[in-house]
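Beneath this line is the structure, given in structure tokens, with notes to follow.
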Amino acid sequence: MGRLTDWVLAHRRLVVLAWLALALVGGALAPTTIDRLGFDFSTPGQPAYEANEAITGQFGNGGGNDPLLVTVALPEGSTVEGARTELTAAFDRLRRPGWRVATPFDGTPGAEALGAGDDRSAVALVWPPAVEGPAPYAAALPQLEGALSGTTVAGVAPVVTGTTVLAEGGGDERPIIVEIAFGAGGAVVVLVLVFGSLLALVPLLVAAVAITTTFLLVLGLTALTDVSFIVQYLVGLIGLGVAIDYSLLVVMRWREERAVGADDRTAVRTAMTTAGRAVVLSGVTVAVSLLSLVVLPLPFLRTVGFGGLLIPLVSVLVALTLLPVVLFSAGRRLEWPRSRPPSAESRTWHRIGSTVVRHRWVSALLATVVLLVLALPVLGIRLGSPEVSATATGSTPAAAAFRQLTADGLPAGVARPVEVLTADRAAAVQTLSAVDGVAGVLAPAGETWEAGGTGLVDVVLADDPSSTAGRDALTAVRDAADGLDGARVGGTAAGDADSVRAIYGNAWWVLPLVCLITFALLARALHSVWLPVKALLLNVVSIAAAYGITVWIWQEGHLTEALFGATATGTITFWVPVAAFSFLFGLSMDYEVFILSRIREGHDQGMSTDAATVHGVAYTGRLVTSAALILFLAFVALSTVPVVDVKIFATTLAIGILLDATVVRGVLTPALVAALGRVNWWWPARLSRGR
């Protein structure tokens, strides 16, 4: 690290020009990068995916895209049967070449699930051809609305709704710069409070260079494979937090060295050989944890892993090269208006560390109990897509229409029917109609439903397929379809079930592998066996607590209305736990590395374990708190993205970082290090000889 710093300082102009060129090109091409990101959540090789591909290939619609719903909520005193003529005329306007349509008046028994008799609401399901991108019906919606223009039934105009319409933002995401600006604004406030000088701009400079450069690398990645649109948020906001975190660690150590009289070159060199080593270890640890996504059997998660992996690696490179140049060349001048660097040791954190060490067993017990209690809701976690009702919030016509049709007694599963491709539609209707939890089986006649000797039937579940009852009904439908000759089950709900199985059923070995690699890295860096073991256990408990709170908020619906203006989702999006684990595992380990590296340094200087622990907490407490607060604010910014799945993901990350920086690293880590005493420093003799 010392040789690298000497080389960097000797070639300052080259380093600055290289990073400036990368940042400018990356910033200029960032819109192109974002335009090339994809929205494919497919699971190749899974039964539902293959069925959906067959459905789309044969009929040109449906499969992995839920239908649009054209609803009519009749006024009081009117019924579906009474308005049958007007409703039939209105729904007939929906029929176009290549569009599949199901209405309450198709002449099959299952059609009654869409409205019949004394019902006050009626709905038609429409499957137009879909286009790639965030809004699959972007081309079809204007045509549909044009067909319905001027149409009324009993004086009421039909309303178009459905999962794609209800998705917040309508598929028209706002620029990522909005979220980055929000996160950067919060970071500026924290940095100004920490530094009280122009030095607060340095971490932001490092973050700006790291983010734009990472966008440039992601652009290169898009030339090799499809990259998920989620990556732009990870690069912009997690990149912001990680780059600032690493910068904070180095800058605060540089300040500490200057405070004790070191000249500019010595201060930079010492900061890089101490804090810089911790940055490298932290960055590699984050990258390793993200490898868990790369090996999963879902293409979009792999690209999230690759994209996320670039974030810490680029941030480390910028922190190791550009940052020392800035500190050496302009650091002293950027201390304005401070007259001298403040003390590196925090009196507040010294008191906290001393109290925790003095009451180590009580502190460890209380912190553990708190985390375990917070983790309890995770035992009831359900994975899938959010229930449709969770997106049908607010006052938009689409949301109000969906709430009205379910309030009027139509089945909640109508927005996400299960599609069954079969050679014998009559047998499928008879068999599937008898399944518990099925509200109706739609099997209209016509070439848009039958072609080439096979046809489609759509199973409308009585409950949302993401609910417990709906999931049970979906399983029963798939089991019943297995008894039909050659039947294949598709639809988004079946795709969700397959995704859960693909991620969590076949990749159980990923967690132990990541833990093993991380243990090896930490053990070698900290020259200890038990410090890494403790760090890994604390990470697992901390992440479990973050999961538990996320389940309590989103799945069970506590605080969702107050915080997000939404209702309970009934499930946690299937990819959130594994993606959150990969990021939280690495990001949380950052703080553990910062603290343990400083404790190890104190112990190597001859301090007792207790003294080294207090020393480590006193010198890193302010750093960890500030860094965690910046990351927390970045995740709060991420939670404003108008996509429920991303909101759930952001909630998990924000809670995880907050818990980790307070309960875990502020209390549990120093308490357990003090409790273990000499055991912390045990290292096999044969390894010591080879060191």
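Quick notes on this structure:
- Relative to the Cα centre, the charge distribution of the chain, modelled as +1 at Lys and Arg Cβ and -1 at Asp and Glu Cβ, gives a dipole magnitude of about 4480 debye.
- Across region 609-678, Cα-Cα distances exceeding 20 Å account for 41% of all pairs.
- Mean-position separation - Cα centroids, region 98-168 and region 540-562, in angstrom: 35 Å
- Taking amide H atoms as placed 1.01 Å from N in the peptide plane, the amide H of Val438 lies under 5 Å from those of Ala462, each 5 or more residues away in sequence or on another chain.
- Region 320-335 residues near the modelled Asp263 label - backbone nitrogen below 15 Å, point 7 Å along Cα→Cβ: 328-329
- Percent of Cα pairs in region 476-566 per distance bin of 10 Å, from zero to the largest separation: 13, 22, 26, 23, 13, 4, 0.
- Take each peptide in 102-112, 302-312, count the other Cβ atoms within 10 Å of every residue, and average; sorted highest first, the result is 302-312, 102-112.
- Quarter of the Cα convex hull surface for region 360-417, i.e. its orientation-mean projected area (nm²): 6.5 nm²
- Protection proxy ranking of 399-411, 633-645, 444-456 - average other beta-carbon atoms within 10 Å, highest first: 633-645, 399-411, 444-456
- Given charges at beta-carbon only (K, R positive; D, E negative), |dipole| of region 284-398 in Debye: 560 debye
- Region 621-674 - percent of accessible surface contributed by carbon and sulfur, probe 1.4 Å: 82 percent
- Residue (of Tyr137, Thr161, Leu237) at the positive-pole extreme of region 120-252, dipole from beta-carbon charges: Thr161
- FRET efficiency estimate (nearest 0.05) - Cβ-Cβ, Asp92 to Ala18, R0 56 angstrom: 0.30
- Residue ranking by accessible heavy-atom surface, 1.4 Å probe, largest first, among Ile503, Ile352 comes out as Ile352, Ile503.
- As a fraction of the 1.4 Å probe accessible area of region 1-147, surface on carbon and sulfur atoms comes out at 55 percent.
- Applying the Karplus relation 6.51 cos²θ - 1.76 cosθ + 1.60 with θ = phi - 60° to region 627-638 yields 3J(HN,Hα) values of 5, 5, 5, 5, 5, 4, 5, 5, 6, 4, 4, 4 Hz, where x marks Gly and Pro.
- Rounded Å value of the spacing that divides the Cα centres of region 475-507 and region 59-80: 25 Å
- For the chain, the relative contact order comes to 20 percent (Cα pairs under 8 Å, sequence separation of at least 6).
- Whole-Hz ³J(HN,Hα) from phi, Karplus 6.51 cos²θ - 1.76 cosθ + 1.60, for region 144-152, glycine and proline x: 5, 5, x, 5, 8, 4, x, 7, 9
- Across region 529-636, the mean sequence separation of Cα contacts (distance under 8 Å, 6 or more residues apart), normalised by length, yields a relative contact order of 18 percent.
- Rel. contact order, % - alpha carbon contacts under 8 angstrom, at least six apart, region 237-317: 34 percent
- Scaling the Cα radius of gyration of region 123-206 by the globular reference 2.2 N^0.38 Å produces a ratio of 1.92.
- Dimensions of region 283-353 based on its C-alpha atoms, expressed as ranges along the principal axes with the largest first, amount to 56, 36, 17 Å.
- Accessible area per residue in Å² at 1.4 Å probe, computed on the chain: 38 Å²
- Counting only protein heavy atoms and a probe of 1.4 Å, the accessible surface of region 381-431 is 54% carbon and sulfur.
- Charge-dipole axis of the chain as Lys and Arg at +1 and Asp and Glu at -1 on Cβ define it, positive-most pick from Ile381, Ala674, Leu74: Ala674
- Ranking Gly409, Thr393, Gly183 by how far each Cα lies toward the positive end of the dipole of the chain (charges on Cβ) leaves Gly183 at the top.
- 13 Å beta-carbon shell around Val316, net charge (K/R +1, D/E -1): -1
- Computed Kirkwood radius, in angstrom, where 1/r is averaged over Cα pairs of region 10-71: 16.0 Å
- Cα pair distances of region 198-248 binned at 10 Å [whole percent]: 26, 47, 21, 5, 0
- Our summary of shape: the Cα atoms of the chain have principal axis extents of 90, 49, 45 Å, ordered from largest down, in whole angstrom.
- Mean-position separation - Cα centroids, region 339-398 and region 184-238, in angstrom: 24 Å
The values are calculated or read from the model by the stated rules, or taken from the named source; none is laboratory data. Every value quoted in this text rests on a predicted model; they were computed, and no experiment measured them. Counting neighbours? That spans all protein chains shown, and the Cβs are built from the backbone with ideal geometry, glycine included. The protein model used for the area step is the full one, side chains on, heavy atoms only, and it has no ligands, DNA or RNA in it. Shrake-Rupley method; radii C 1.70, N 1.55, O 1.52, S 1.80 Å.
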